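Worksheet: the structure to be examined is printed underneath.
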Amino acid sequence: MQKIIYPKTERIDVTEEHFGRTVVDSYRWLENDAPDDRAVSAWIEAQNALTQKHLEALPGRDHFRKRMTELLDYDRYTVPRKRGDRYFFNFIKGNENQPSLYVRDGVFGESRVLIDPNTWSPDGADALTDWSVSDDARYVAFGVQEGGTDWRTIKVLNVESGKELADSLDGARFTRLAWAPDGSGFFYSRMPRPAQGSGRGAVVANHAVYFHKLGKQQADDRLIYATPDRPDLLHGADRVSGGRYLTISSTPGTNESTLTVIDLQARNWTPKTVVPDMESSWYVLGNHGTELLLATTLGAERARIVSLDMAAAKPEPKEIIPEAADGAVLDAAVIAGDTLLVSYQIDVKTEIRRFTLDGKPDGTVDLPGVGTARFLEGDAREAFFVFTSYDAPIAIYHYDIASKKVTPWAEPKVPIDLESLHVDQRFYRSKDGTEVPLFLIRRKDITAAAPTLLYGYGGFGLSQIPIYNPIQLAWVEQGGVLAVANIRGGGEYGRAWHRAGQLENKQNSFDDFIAAAEFLKRTGITSPDGLAIQGESNGGLLVAAVTNQRPDLFDVALPGVAVTDMLRYEQFTGGGLWKGEFGSPAEEKHFRNLITYSPYHTIRKGTDYPAILAPTADADDRVVPAHTFKYIAALQATDLGPKPRLMRVETRAGHGAGMPIDKVIAQHADMWAFAAYWTGLKTTLPK
């Protein structure tokens, strides 16, 4: 392949002093919004043109695009939510760009479409997001996402007639939707819209919970809860179906939160804060009379279930189910009549256990296999759970509470031979001796070293659980290996695992990922020059950071929508919500840690780097694309050897949620083709 000549990028040095250290930011001008800054727009166009020219020359691009389209051509369901005798669920038919909302009369009855977002925009980039059904199944409140942004417009549909009401609410962001018990209206969260032309980079602030009464103007919405003294907090209001209480979790962006409760049977909806500190996480399961049942990490690193008596003047937690003695991590739970159905993760694999409401063990739920399972809602007679794994497409199962019988409700038929795949879990040791899980997915006939795609995240306590992903299987089907490392910073083993990769411990996440790569090469799983690494968002930070630390170890790096400027991340949109994860660069101890791994600031001049393709999106208001722009500009301006350093900017797309399927396919076909070329993976279409 010919030597790449990069577009000229102007350097305009901005020099600042941080705690006695001089830091030069040469590409800050790329933080300007492209629609308003012609120089930034021209630079993006030149970069995209270069990238497309390179990608068009790759032999596997069309192969991956065609095969991904085929692999995604099957019907997909979500777990139904029961309201009255109706069941509501999302459904994607074949290669539709967006999931639609359907309703079914009776558990196994006929289905009809209620909301089809595929008709909303020519490019399929407008999506149906959050939705909630009133208890009487009469109305659906739903969010509309335009072009990938985090902002939502909330609308209301009459289920019987299929017609939208006049109600239309603006400014919703990071919101849940929770109906009042009588169906008169719903609770939602919103924040002030920034001034026109400055919306993409504006910080998240002054989030608040409101109640909207049907038929009224948004200006008349009732303010339910806000914290003007803490404008940095997010407030999520929720109510379990049939529940008596509205619960509001308030957080600065960490997993920990305060908890405020409103008794909706009371005449005046007066907020009562029952957990005033942010030292633990609280997940509301529902109520049994005045007893509120919750899962919490208070006094339990791997979580337990407690109750709070809301009739008490000062409710105190009463333990119902203690922290599991066998090391299992409580992952989720639902109340189904007099039964608690609790999902646990054991070495990143699910086991579901039954308990009575007073905490007595009552057996387990038979699962279809080894993988990931979770109940989402239930009642006295029935519940539904989802099951999936790396080699098992997402299926929905009906569970009879009394008989414990499991019946398939929606089992997809996928266009791939699942019997040809092999899933294996290994454990390896990190730099400090910590044992870390690693999943390997490959064809059964691939027994020798092969090009490998290593994926990781390692942040915010989010576990990387086994889940079926046809996009990733397109790589596996070609003879490549997929490896998923469950590194520290995630929640695979509870709070301690998260904290071990958080703040000043962030380097542990990087060390774990580097150790995974070394393990793959040392054990002959990966071919000598065949290791590609991929991650998105915090995982994009991971990929970019380890590339700087060990450029010799990797052959391809794919840092997607990555956080790369750790000294300025909190200046944009929701960046301030990440201070609990990374630490604020405005504080000296955090600055001195962040500067050690910030990808934009730690590029190693004069060292051969892997081939890099960095995807981002023009409407990303979670991790603004300026992170990628500045990072790529710095890479291209540095002597890093002959391999390409490119970025790919998707239009009318955001941080990933709501991206239409055709754009998902196009982006990943480019990424896999790029990785295949530079790792030596040969691509052919299956016969």
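The values are calculated or read from the model by the stated rules, or taken from the named source; none is laboratory data. A quick note: this is a predicted structure, and the numbers were derived from the prediction, not measured. Neighbour counts are summed over all protein chains in view; Cβ atoms, including those assigned to glycine, are modelled from backbone coordinates with ideal geometry. Just so you know, the surface numbers come from the protein's heavy atoms only, side chains and all, with ligands and any DNA or RNA stripped out. Shrake-Rupley method; radii C 1.70, N 1.55, O 1.52, S 1.80 Å.
Has region 372-385 got any residue that is hydroxyl-bearing (S, T, Y), farther than 30 Å from V436 by Cβ, open to solvent by less than 60 Å² (accessible area, probe 1.4 Å) and at pLDDT 95 or above? So far as region 372-385 goes, no, none of its residues is hydroxyl-bearing (S, T, Y), farther than 30 Å from V436 by Cβ, open to solvent by less than 60 Å² (accessible area, probe 1.4 Å) and at pLDDT 95 or above.
Residue by residue, here is whether (1) over 24 Å from the mean Cα position of the chain (by Cα); (2) surrounded by fewer than 16 Cβ atoms within 10 Å (Cβ to Cβ); (3) not in a helix (DSSP H, G or I); (4) not hydrophobic (A, V, I, L, M, F, W, C) holds:
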{"position": "W43", "(1), (2), (3), (4)": "yes, no, no, no"}
{"position": "L50", "(1), (2), (3), (4)": "yes, no, no, no"}
{"position": "M68", "(1), (2), (3), (4)": "no, no, no, no"}
{"position": "G124", "(1), (2), (3), (4)": "no, no, yes, yes"}
{"position": "L128", "(1), (2), (3), (4)": "no, no, yes, no"}
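When L462 is tested against the conditions (1) touching a Lys or Arg at 6+ places or on another chain (Cβ under 8 Å); (2) surrounded by fewer than 21 Cβ atoms within 10 Å (Cβ to Cβ), the lone failure is (1). Would region 88-99 turn up any residue that is more than 19 Å from F384 (Cα to Cα) and touching a strand residue (DSSP E or B) at 6+ places or on another chain (Cβ under 6 Å)? The answer is yes; a qualifying residue exists.
Restrict the check to region 257-277 and report whether at least one residue is modelled with pLDDT of 95 or more, in contact with a Pro (Cβ under 7 Å, 6 or more places away or on another chain), within 29 Å of S584 (Cβ to Cβ) and not aliphatic (A, V, I, L, M). Looking through region 257-277, at least one residue is modelled with pLDDT of 95 or more, in contact with a Pro (Cβ under 7 Å, 6 or more places away or on another chain), within 29 Å of S584 (Cβ to Cβ) and not aliphatic (A, V, I, L, M). Against the list (1) assigned to a loop (DSSP other than H, G, I, E, B); (2) modelled with pLDDT of 95 or more, the condition D232 fails is (2). A Cβ distance below 7 Å, combined with a sequence gap of six or more or placement on separate chains, defines the contacts here; from region 106-126, residues that are at positive phi reach residues that are in a loop (DSSP other than H, G, I, E, B) and open to solvent by less than 20 Å² (accessible area, probe 1.4 Å) in the pairs G124/Q98; G124/P660. Just one of the listed residues (K506, K405) is surrounded by fewer than 16 Cβ atoms within 10 Å (Cβ to Cβ) and at pLDDT 95 or above, and it is K405. Apart from one condition, T628 fits all of (1) touching a Leu at 6+ places or on another chain (Cβ under 8 Å); (2) part of a helix (DSSP H, G or I); (3) open to solvent by less than 10 Å² (accessible area, probe 1.4 Å); the exception is (1). Of all residues in region 308-321, those satisfying the criterion of being open to solvent by 70 Å² or more (accessible area, probe 1.4 Å) and closer than 16 Å to G359 by Cα are K318, E319. Please go through region 431-454 and pick out each residue that is hydrophobic (A, V, I, L, M, F, W, C), in contact (Cβ under 8 Å) with a residue 60 or more places away in the chain and surrounded by 13 or more Cβ atoms within 10 Å (Cβ to Cβ). Passing the criteria: V436, L438, F439, L440, A449, A450, L453, L454. Given the criteria touching a residue at least 24 places away in the same chain (Cβ under 8 Å) and either closer than 30 Å to V274 by Cβ or open to solvent by 60 Å² or more (accessible area, probe 1.4 Å) (or both), does V203 qualify? Against the criterion (touching a residue at least 24 places away in the same chain (Cβ under 8 Å) and either closer than 30 Å to V274 by Cβ or open to solvent by 60 Å² or more (accessible area, probe 1.4 Å) (or both)), V203 qualifies. Taken over region 3-31, the criterion of being modelled with pLDDT of 95 or more, surrounded by 14 or more Cβ atoms within 10 Å (Cβ to Cβ) and either assigned to a loop (DSSP other than H, G, I, E, B) or touching a Phe, Trp or Tyr at 6+ places or on another chain (Cβ under 6 Å) (or both) is satisfied by Y6, P7, T9, H18, S26, Y27, L30.
Residue-level check: of (1) more than 23 Å from N255 (Cα to Cα); (2) in a loop (DSSP other than H, G, I, E, B); (3) out of contact with any Ser or Thr (no Cβ under 7 Å at 6 or more places or on another chain), I603 misses just (3). Test R622 against the stated conditions and say whether it is open to solvent by 10 Å² or more (accessible area, probe 1.4 Å), at pLDDT below 95 and on the phi > 0 side of the Ramachandran plot. It is false that R622 is open to solvent by 10 Å² or more (accessible area, probe 1.4 Å), at pLDDT below 95 and on the phi > 0 side of the Ramachandran plot.
Every listed requirement among (1) among the small types (G, A, S); (2) surrounded by fewer than 17 Cβ atoms within 10 Å (Cβ to Cβ); (3) over 30 Å from A496 (Cα atoms); (4) in contact with a Ser or Thr (Cβ under 9 Å, 6 or more places away or on another chain) is met by G299 save one, (3). Which of the residues that make up region 70-92 are farther than 11 Å from V133 by Cβ and open to solvent by 50 Å² or more (accessible area, probe 1.4 Å)? Of everything in region 70-92, those that are farther than 11 Å from V133 by Cβ and open to solvent by 50 Å² or more (accessible area, probe 1.4 Å) turn out to be E70, D73, D75, Y77, T78, D85. Has region 581-590 got any residue that is part of a helix (DSSP H, G or I) and over 30 Å from M191 (Cα atoms)? So far as region 581-590 goes, yes, one or more of its residues are part of a helix (DSSP H, G or I) and over 30 Å from M191 (Cα atoms).
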